[in-house]
Amino acid sequence: MSRSGIREGLQLLKRRDFAKLFVAYFISYSGTAMAPIAMAFGVLELTGSTRDSAFVIAAPIVAQIVLILIGGAIADRTSRQRMLVLADTLAMCSQLTIAYLFLSGIATVPMLVGLMLINGVATALGMPATMGFITQMVDRQDLQAANALLGVARNSAMMIGAALAGILVATVGPGFTLAIDGLSFGLSALLIAGLKPRPQVEPEKASMLEDLRLGWREFSAHKWLWAIVLQFSIVVAAMEAVFGLIGPAVTKMQMAGAIDWGIISAGFGLGTLVGGLVAININPKRPMLVATFCVFFFCGVPLTLSVPLSVWLITAVSFIDGVAGQIFAVLWYTTLQKMIAPDRLSRVSAYDHLGSVVLAPLGIVAGGFLYEAIGPRETLLIASLAIVLPTLAVLAVREVRDLTRDDIDSHRSTP
């Protein structure tokens, strides 16, 4: 990238529309960071069962799996901006309703599962649109800086939101925390609706099935792409089980509960903030090789929780995980945006997201059952192996090791 320094990258924030997008990310993700902590402890307080929590937490991912490809095709075919506004509005309505159920004391597991399915629909509509929308907001040479800065917004928000969630859940309960999350989606929708992106590249007229077929052809043509997505189908399943379910359960049973889990989650958020700043200023010769090595650090939190170590040692490891995770994310998104034809980017992003989360519900549910059947330590060790082994396997793929920044920067995708 030509603007490789932090100072040059920060110049993007002087652009009014990009600054509004940055603020929208920050607001939305501040609330989003509160939701998993509030939901996990809310369901544990409601039923006391990690299995019930697993079903509620897995529900939105199931909806994403069913609808994400359709969301990608619609985003490439229509307006990505309108899709993002619709997704945020739908998520706002769902989260506010969940908050009402908790605050009024009438929440049940089936109700929560149904509303979390709606949250998943919102993600399925919005997630694929995001990847392509960023390319409409900045020039090609600014993509890495834009991804890093938006990562800073997202992850500083996650840090603040997680820490605040731990305090709020412990003091005023999950309902109020989820109400703040719902309102954050509404503010994000208003900000995104006011942006003025460049017109998006329109694909040739085709049926929905043809759109999906062309997206698959583009996705499967890049071995480095589908190999890493296959790796992440297992890694994400393990991470969702740890961060969405087992971590909160361990801190509730063996540590100080929501406050400790909020501190650990905030450490991860702080790490991703630092990782975003680092990612503005790096330009590795082999981006996907560096990104893959970053994934090994993801096993830090489950390993330290399996003991468990003190909250501050786990938080330090969580911080390192966050740094590595954000460097991976920036290198991954930038490579994807430069290597994929612009009119197919949302569809390829949808295949990426689908492949990455397809096993996540199974991982979450299995984590809940294993936690109760064999105990937290053994379950966390299994999760660690589920991160390390597929990461070792993907290093054997030559295209992952050999794809260079020169290959990426010189690539010109055409519709």
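Kindly list the number of the only condition in (1) part of a helix (DSSP H, G or I); (2) crowded, with 19+ Cβ neighbours inside 10 Å; (3) at pLDDT 80 or above that fails for LEU103.
Failed condition: (2).
For PRO308, indicate whether it is not aliphatic (A, V, I, L, M) and not in a helix (DSSP H, G or I).
Taking the combined requirement at face value, the residue satisfies it.
List every residue pair whose Cβ atoms sit under 7 Å apart, with the two residues 6 or more apart in sequence or on different chains, where the first one lies in the stretch 135-156 and is closer than 14 Å to ASN283 by Cα and the second, anywhere, is among the small types (Gly, Ala, Ser).
Listed by first residue and then by second, the contacts come to GLN141/SER2; ALA145/GLY9; ALA148/GLY9; ALA148/GLY276; ALA148/ALA279.
If we only count helices (runs of 4 or more DSSP H) wholly inside the stretch 313-400, which ones have 2 or more residues that are in contact with a helix residue (DSSP H, G or I) (Cβ under 7 Å, 6 or more places away or on another chain), farther than 30 Å from THR135 by Cβ and modelled with pLDDT under 90? Before you say what the answer is, go through the steps one by one.
Details: elements: 345-357, 360-374, 376-394.
Passing ranges, in order: 360-374.
Go through the stretch 66-95 and give me each residue that's hydroxyl-bearing (Ser, Thr, Tyr) and at pLDDT 90 or above. It would help to see each step written out before you state the result.
Residues of the stretch 66-95 that are hydroxyl-bearing (Ser, Thr, Tyr), as a first pass: 78-79, 89, 94.
Within the stretch 66-95, THR89, SER94 meet the criteria.
Just the residues that are under 20 Å from ALA129 (Cβ atoms) and crowded, with 20+ Cβ neighbours inside 10 Å, please, taken from the stretch 175-190. Walk me through it before giving the result.
Residues of the stretch 175-190 under 20 Å from ALA129 (Cβ atoms): 184-190.
The answer is SER184, PHE185, SER188, ALA189.
If I filter the stretch 362-398 down to residues being within 18 Å of the chain's Cα centre (by Cα) and crowded, with 24+ Cβ neighbours inside 10 Å, which single residue comes out as farthest from TRP226 (Cα to Cα)?
Restricting attention to the stretch 362-398, the residues satisfying the condition of being within 18 Å of the chain's Cα centre (by Cα) are 362-364, 387.
Subsequent filtering for residues that are crowded, with 24+ Cβ neighbours inside 10 Å retains 363-364, 387.
Details: GLY363: 20, ILE364: 23, ILE387: 17 Å.
Restricting to residues being within 18 Å of the chain's Cα centre (by Cα) and crowded, with 24+ Cβ neighbours inside 10 Å, the top hit is ILE364.
Yes/no matrix, rows are residues, columns are (1) among the basic types (Lys, Arg); (2) farther than 16 Å from VAL236 by Cβ; (3) out of contact with any Cys (no Cβ under 6 Å at 6 or more places or on another chain); (4) surrounded by fewer than 21 Cβ atoms within 10 Å (Cβ to Cβ):
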site	(1), (2), (3), (4)
ASN281	no, yes, yes, yes
MET288	no, yes, yes, no
THR292	no, no, yes, no
PHE298	no, no, yes, no
VAL317	no, yes, yes, no
HIS353	no, no, yes, no
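Taking the stated definitions as given, is ILE98 buried (at least 24 other Cβ atoms within 10 Å of the Cβ), more than 18 Å from the chain's Cα centre (by Cα) and at pLDDT 85 or above? Reasoning before the result, please.
Values: buried (at least 24 other Cβ atoms within 10 Å of the Cβ): yes; more than 18 Å from the chain's Cα centre (by Cα): yes; at pLDDT 85 or above: yes.
Here the answer is yes, as ILE98 does meet what is asked.
Suppose we filter VAL229, VAL138, VAL235 for residues that are touching an Asp or Glu at 6+ places or on another chain (Cβ under 6 Å) and of a type in the set (A, V, I, L, M); which single one remains? Lay out the reasoning, then the answer.
Working: VAL138 fails: touching an Asp or Glu at 6+ places or on another chain (Cβ under 6 Å); VAL235 fails: touching an Asp or Glu at 6+ places or on another chain (Cβ under 6 Å).
The match here is VAL229.
The values are calculated or read from the model by the stated rules, or taken from the named source; none is laboratory data. In this text, all values refer to a predicted model and were calculated from it rather than measured experimentally. Positions of Cβ are backbone-derived with ideal geometry, glycine not excepted, and every protein chain shown enters the neighbour counts.
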